[in-house]
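Values in this text are rule-based calculations from the coordinates and carry no lab data. All of these numbers come straight from a predicted model, not from anything done at the bench. Glycine gets a Cβ as well: all are built from the backbone with ideal geometry, and neighbour counts include every protein chain shown.
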Amino acid sequence: MLTASQMILTIAVIVMATILTRFLPYIAFPEGRKIPEFILYLGKVLAPAVFGLLVVYCLRNVDLLTPFSQGGTHGIPEAIALVSVIASFLWKKSMALSIAAGTIVYMILVQAVF
């Protein structure tokens, strides 16, 4: 259990870290100053890279060989959710929508179908 002073210190550190992450881009790249090419490059590649890591993370424990009688689904709900992610991204070009759609489809499948 944390003492009162430890809780206050923890909250203060969280608040400062939040403020820093919110204001740092405005301090580092003020208006009217050219943004470095490397930062522009990171802005283009980081979102797809994180999306790819999310896909790998979500599919890492899929077992295609476990029989249905032992609770295996052969990756069917994961495959359907992955197709819904791809389809929604191709349709709307929105990563947030794609992640939400895939999550919703997957949860419906594992809760109500499989």
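Helix 76-92 sits at what angle to the longest principal axis of the chain, using alpha carbons and giving 0 to 90 degrees rounded to 10? Its long axis makes an angle of about 50 degrees. Averaging 1/r over every pair of different alpha carbons in the chain and inverting the result gives a Kirkwood radius of 18.2 Å.
If R0 is 25 Å, what FRET efficiency do you get for Leu46 and Met107 from their C-beta distance, rounded to 0.05?
0.40
Run the numbers for Arg60 and Ala87: contour at 0.36 nm per residue of separation, minus the present Cα-Cα distance, in nm.
Values: separation 27, 0.36 × 27 = 9.72 nm, distance 2.14 nm.
Contour length minus Cα-Cα distance gives 7.6 nm.
Placing unit charges on each Cβ (+1 for Lys and Arg, -1 for Asp and Glu) gives the chain a dipole about its Cα centre, and among Ile39, Thr73, Ala12 the Cα reaching farthest toward its positive end belongs to Ile39. Distance between the pseudo-spin-label points of Phe38 and Leu9 (7 Å out from Cα toward the beta carbon): 3.5 nm.
Computed over the Cα atoms of the stretch 51-114, pair by distinct pair, the Kirkwood hydrodynamic radius stands at 12.2 angstrom.
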